[in-house]
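Below: one structure, written as structure tokens.
A short reminder: the numbers here are calculations on the coordinates, not readings from a lab. If you're wondering where the values come from, they're calculated on a predicted model, not measured in any experiment. Note: ideal-geometry Cβ built from the backbone for every residue, glycine included; neighbour counts use all protein chains shown.
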Amino acid sequence: MPQARTEERTELERVARRLRHNIVRSTTEAGSGHPSTSLSMVEVVAVLYFGGVLRYDPQQPHQPDRDRFILSKGHGAPGLYAVLAEAGFFPVEDLMTLRKMGSPLEGHPNMRRLAGVEASTGSLGQGLSMGIGHAHAARLDESDFRTYVMTGDGEVEQGQVWEAAMHAGNHGLDNLTLIVDRNRHQQTDAVAKVQPLDPLVDKFESFNWEAREIDGHSLDEVAAAFDWARGVSGKPQAIIARTVKGKGVSLLEEAQDKWHGKPIPKEEEARALQEIGAEL
Amino acid sequence: MSFGLSRVSFETGPATREAFGEALAEAGANKDVIVIDGDVNNSTFTNKFKDMYPDRFFNVGIAESNMIGIASGLAAAGKIPVVASFSTFLLSNAFDQIRMGVAFPNLNVKLVGTHAGISIGEDGPSQMAVEDVAQACAFPGMTVVVPADGPSASIATHALLEREGPTFMRCGRPGVPLLYGPASDFQIGKANTLREGDDITLIANGIMVAMALDAAEGLAADGIQARVLDMHTVKPIDTDCIVKAANETRAIVVAEEHLAYGGLGSTVAMVVGEHKPTRMAFVDIGDTYATSGKPDELLEHFGLTPDAILDAARRVLKD
Ligand SMILES: Cc1ncc(C[n+]2csc(CCOP(=O)(O)OP(=O)(O)O)c2C)c(N)n1
Ligand SMILES: [Mg+2]
């Protein structure tokens, strides 16, 4: 199974900039969607798909021994689509059909319509359980594929996440890695105001996971965290990725509680793209 | 949004979710009213209540089952909890909690689901409640209301708060045509006849009511007089009104922004079948999930238009 691996930090940085660029353009074109949610996950998915972590083949997207990435925070679809296009699952031009009638790039990921999407999500809290299903299947089939799941931080308020966490820990599913996109904001407010989560690492550890917190925008820390995760045996691993909601676009970064689920207005788009500075 | 309307013109009023939020803030004068939301209070319009009565508002986060459990306890302790979220998350995510914590103990919990139906548009099928009416109707003792416009949603909010027992109100995302005034006669469990006619009856709720009125104009051009009923309360259903329509008109068309099974159509058919078998036709989403798209495009694609009602009426009158 091929594995896109670029040792070049600068190349990964270029990928990250292109993902940001496409997240902004596709959501602004759609006139709706969640760019800030998608921008906070860019480095994690860039390393997953281009840093030699996930094994996948866009030509054979359903090959049984591929690694899985499940975006449990389904409203981050524009970020998932951007990286799937970059990885060659479909043409980059298709990103501009986001949310349009007839397009398989729906507002939230639909595994029945778009190759590369591993789970249909959009109702928060369910992806980790689905990931456990894949992880058990790998064990039963004696396959070495790994499963990666990303949730939001508001999302882990959902009880099912903890039912899943308890199960994965007790079954010692070391072929399962959870990334919590810890951008500290949810839809209506700061996570700390709605439901303080800390100490999050301790919570996972007490559920029999290995857990660590990293800077989710540092390509080096993200890459090192995935190396660490693959080395853990006997336990699932949680990576708490400290991120910034709207990362890379000052308009969004400066008012993180105001931009959830809102596209960058057409008249602000050029400035946002300039800040991102992708070489296309 | 046009809702495919072409024969009648209505003023566009607020979304039903917005009217609910306004009415809820008014109802906050009653100190027993407690509001619980799940991190969507800026979408359900419960923010207005939150700003006025912060002590009686809880944003419990993205945890719908927990919301319902808390509401159950509050109701058992004598409060009047109103639980609001997107309709699909409220009913689908917390179905068993509603069953055990609300319906089975018959507690006075007020459920309000917003962003129902496919008219939410681009967010797509995961966010669209299309089976919520069936789910809510399945619970013994649950009152189920689907208002068609802002004023009636407002009246319904107050009426449901005054009504003892579990209730569910379904609200939509877009602004909708104004059909009622603030002082209109609107009672839970009693359908409103918005147009008289003796040839055929069009029964609808939610956004389909304005479309039924539009379709009735189209039928009038064919010389067919259609009665239009706003069947805002799906449960308890207004049996008398339906039986009367079945007796006085030749056929019945039911239109709803919901899947085919278990919603308004099924409920009306049950009454018709038992009391006065009559030819019927159904306009709904059928047996499929929708997609992303612009609201009007989706309504057109999934056959929720005045013309779809008109065609169904012509078809059913022909046989
Ligand atoms: C079960 C459920 N409840 C509510 C929502 C509505 N909703 C969509 S995104 C969101 C906030 C998510 O916050 P977080 O998990 O922190 O993700 P972020 O956008 O910050 O990455 C909410 C409440 C949903 N999609 N699913
Ligand atoms: Mg967050």
message: Test of understanding: among A:Val201, A:Val194, A:Val222, A:Val180, which residue is surrounded by 21 or more Cβ atoms within 10 Å (Cβ to Cβ), of a type in the set (A, V, I, L, M) and over 22 Å from A:Arg68 (Cα atoms)?
response: A:Val194
message: Just to be sure I understand, how many residues within region A:26-54 are assigned to a helix (DSSP H, G or I) and away from ligand 1 (no atom under 11 Å from the Cβ)?
response: 14
message: Can you list residue pairs whose Cβ atoms sit under 8 Å apart, with the first residue in region B:35-49 being farther than 24 Å from B:Gly78 by Cβ and within 8 Å of chain A (Cβ to nearest Cβ) and the second being among the small types (Gly, Ala, Ser) and part of a loop (DSSP other than H, G, I, E, B)? Count only pairs 6 or more apart in sequence or on different chains.
response: B:Asp39/B:Gly61
query: Are any residues in region A:183-195 more than 7 Å from ligand 2 (Cβ to nearest atom) and over 16 Å from A:Pro35 (Cα atoms), and if so, which ones?
result: A:Asp189, A:Ala190, A:Ala192, A:Lys193, A:Val194, A:Gln195
- prompt: In this structure, is A:Val149 assigned to a strand (DSSP E or B) and more than 14 Å from chain B (Cβ to nearest Cβ)?
  reply: yes
message: Going by what's in this entry, would B:Ala148 be described as surrounded by fewer than 24 Cβ atoms within 10 Å (Cβ to Cβ) and of a type in the set (A, V, I, L, M, F, W, C)?
response: no
query: Restricting the search to region B:205-226, which residues are without any contact (Cβ under 8 Å) to a residue 60 or more places away in the chain, crowded, with 23+ Cβ neighbours inside 10 Å and not in a helix (DSSP H, G or I)?
result: B:Asn205
- line: How many residues of region A:106-139 are in contact (Cβ under 8 Å) with a residue 60 or more places away in the chain and within 14 Å of another protein chain (Cβ to nearest Cβ)? The answer is 2
task: Kindly indicate the residue of region A:141-166 that is surrounded by fewer than 22 Cβ atoms within 10 Å (Cβ to Cβ) and of a type in the set (Phe, Trp, Tyr) and also farthest from A:Lys245 (Cα to Cα) among those meeting that condition.
output: A:Phe145
query: Residue check: is B:Ile155 touching a residue at least 12 places away in the same chain (Cβ under 8 Å), of a type in the set (Val, Ile, Thr) and within 16 Å of ligand 1 (Cβ to nearest atom)?
result: no
- request: Could you please find all residues in region A:158-180 being in contact with a helix residue (DSSP H, G or I) (Cβ under 7 Å, 6 or more places away or on another chain) and within 16 Å of ligand 2 (Cβ to nearest atom)?
  value: A:Val161, A:Leu178, A:Ile179, A:Val180
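Conditions (1) assigned to a helix (DSSP H, G or I); (2) under 19 Å from the mean Cα position of the chain (by Cα), marked per residue:
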residue	(1), (2)
B:Ser9	no, no
B:Pro14	no, yes
B:Ala19	yes, yes
B:Glu22	yes, yes
B:Glu26	yes, no
B:Lys31	no, no
B:Ile34	no, no
B:Asp39	no, no
B:Lys48	yes, no
statement: Checked region B:218-243 for anything under 20 Å from B:Gly165 (Cα atoms) and not basic (Lys, Arg); matches are B:His232, B:Thr233, B:Val234, B:Pro236, B:Ile237, B:Asp238
query: Considering region B:89-142 alone, what residues qualify as being buried (at least 24 other Cβ atoms within 10 Å of the Cβ) and away from chain A (no Cβ under 14 Å)?
result: B:Ile98, B:Val102, B:Val109, B:Lys110, B:Leu111, B:Val112, B:Ala116, B:Gly117, B:Val133, B:Ala136
- prompt: A:Glu155 is checked against (1) part of a strand (DSSP E or B); (2) near ligand 1 (Cβ under 9 Å from one of its atoms) and fails just one. What number does that condition carry?
  reply: (1)
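Within region B:243-264, track down each residue that is more than 18 Å from B:Leu317 (Cβ to Cβ) and in a helix (DSSP H, G or I).
Selection gives B:Val243, B:Lys244, B:Leu264.
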query: When you scan region A:162-280 for strands (runs of 3 or more DSSP E) that lie fully inside it, which ones turn up with 3 or more residues that are away from ligand 1 (no atom under 14 Å from the Cβ)?
result: A:210-215, A:237-242
